[in-house]
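All remarks here apply to the structure that follows.
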Amino acid sequence: MIAHVIGVVVEKFNGSLIVDVHGVGYEIAVATGDYDKVALDQEAKFYTHHHIREQSQELFGFSSLAAKKLFEMLITVQGVGPKAALSILSLGDAEAVRNAIANSDSAFVQKASGVGKKTAERVVVDLSDKVGSPTHYGRKDEPVQTELNTSDEALEALMALGYTLADATKALEGIDPALPTGRRVTEALKR
């Protein structure tokens, strides 16, 4: 299994990138946001999902571990394949998509290319309790939280250990963010 790829982006085309890793080019399909952010001849890191089917193998890449975990949740939903999941993640950053699912906003999910009304409803029904609590969604008096703190190494470490985004966030609540990452992870694991 290929967990991540770090290399220089040498080509961009049709929503895919070719990342050169020491002379080997990996073709990686990415969400629109990641595609737009990365520049040619720039070094980049992508967490990857290696999807193997009878007829093909594909790599799907994500700039954050949270996006990869959300993608892996999406493809467990009946009728949602990797391309539809990537299309859903292209609607916004990972936290905006997670928040829409947590709020059972099937209309938001339905905006994704190739996702119909029934599939969108199935996504929110199957995943709304698995993606964590919604943030201040749709309230006019408070700003909507639209980004996950991807610089939080403790959160990423807990998710790498198999915690869901919701469980990892909950486990880190009340733990001083100024503590070293290892100590925060240890404290979270004790809970």
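Please treat every number below as a calculation from the coordinates, not as lab data. Quick caveat: nothing in here was measured; it's all calculated off a predicted structure. So basically every Cβ, Gly included, is an ideal-geometry build from the backbone, and we count neighbours across all protein chains shown.
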With only helices counted (DSSP H, runs n ≥ 4, each -39500 (n - 2.57)), the per-residue ellipticity at 222 nm for the chain, to the nearest 500, works out to -10500 deg cm²/dmol
Looks like region 41-107, by Cα gyration tensor root eigenvalues a ≥ b ≥ c and the a/c under 1.5 rounded cutoff (else prolate when a/b is bigger than b/c, oblate otherwise), is oblate
With bins of 5 Å, the percent of all Cα-Cα pairs of the chain per bin from 0 is 1, 8, 16, 18, 18, 17, 12, 7, 2, 0, 0
In region 1-96, the trypsin sites (Lys or Arg not before Pro) that sit in a DSSP loop and have at most 12 other Cβ atoms within 10 Å of their own Cβ are ARG53
Beyond 25 Å (Cα-Cα) in this structure, taken from LYS45/LYS117; LYS37/LYS83; LYS83/LYS130; LYS83/LYS118; LYS68/LYS170, we find LYS45/LYS117
Per the rule of 0.36 nm per residue minus the C-alpha distance, extending GLN57 to THR186 adds in nm 42.8 nm
